[in-house]
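Notes for the one structure printed next.
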Amino acid sequence: MTYQSGRHFLQIPGPANVPDRVLRAMAAPTIDHRGPEFASLARRVLAGVARLCGTARPVALYPSSGTGAWEAALVNTLSPGDRVLAFETGHFATLWAQMAGKFGLDVDLVPGDWRRGVQAGQVGEKLAADPGHQIKAVTIVHNETSTGCASQIPLIRAAMDDARHPALLIVDTISSLGSVEYRHDEWGVDVTIWCSQKGMMLPPGLDLNAISEKALAAAARARLPRSYWDWPGRESRSLATASARRLTTSGQRPDRRGPMMPRTIPRLSRSAGVSRSQVATCGTRSVPSLRIEAASSGAVTAR
Ligand SMILES: Cc1ncc(COP(=O)(O)O)c(C=O)c1O
């Protein structure tokens, strides 16, 4: 293996660099992940991450990478053959749609050029063309890490409401939550998907689903096989203890970072704007739609 002197400094959207205080918090003896100490730790973590998502409802946490949270969202809400509306905003939206296909879901992946987020008008048109309500879920990647394209979730929600369509709105916030403004309850999202290694600057291995009442009702009817990923009671079960401890004892206190994170998000958004203008100054050809603020990620991400 090549010797690397100095500190290894990753410059990718995630895994993000983990602050030293977080690394120190991980260096603690293992506790029983079924014992009382863990139960009290988990309660604090669950309350904090719910606040981070902007939900007053319980969330389900899993020890896994973000791909597990994708799977949990699908298997808890859908049944074999259900129609899913997805949008090709980049690599991750495409992979998620492929996963849905593997579960026997009937995926309508609307082709895209990887240069813009999901267009709310297109969501509205697709749903209006489905009077029989065959579409059971609309899946959206809030911040396409691979392209830096952001989708406007409130506009998409409004388009779904205007079409009076009952499909669930399932949103991947894997590279947005903690970096870009996000409000699960207020924006009417049914399932939010998140994982630890990006906006929260933690190592990978902890992910979640935030769940609306409507999504929980869908879970009671959903027939895709599930066991480990099953939502009911999930919040009282095990999660990666080391990850939980990182979240509480590390200074990355999710309960201090509300849904708006008043200082962090405007700062990140400003630095994203600076990055874009520097790319332009360098004469590098930039993607036209990313010059439009609304279509660009507020997180400094892969571009
Ligand atoms: C937007 C998005 N969704 C899903 C994933 C997959 O997450 P993981 O690699 O943690 O399984 C990633 C990973 O980078 C991502 O950026």
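Remarks
- Maximal additional length on extending the Thr30-Gln278 stretch stands at 84.7 nm, based on 0.36 nm per residue less the C-alpha distance.
- For the stretch 135-226, the Cβ-based charge dipole about the Cα centre amounts to some 400 debye (Lys, Arg positive; Asp, Glu negative; other atoms uncharged).
- Exposure proxy for Tyr62, Tyr228, Tyr182: other Cβ atoms within 10 Å of each Cβ, ordered fewest to most, give Tyr228, Tyr62, Tyr182.
- Under 5 Å from the amide H of Asp106 lie the amide H atoms of Gly81, Asp82, Arg83, Val84, each residue being 5 or more positions distant or on a separate chain, with H modelled from the backbone and absent for Pro and chain starts.
- Dipole of the stretch 36-256 [Lys/Arg +1, Asp/Glu -1 at C-beta], most positive-end residue of Thr145, Gly104, Leu216: Leu216
- Fewest-first ranking of Ser65, Ser227, using other Cβ atoms within 10 Å as the exposure measure: Ser227, Ser65
Only the coordinates and a few stated rules stand behind these numbers; no lab work does. Just so it is clear, the model here is predicted, and its values are computed rather than measured. Heads up, the Cβs are rebuilt from the backbone with ideal geometry, glycines too, and the neighbour counts pull from every protein chain shown.
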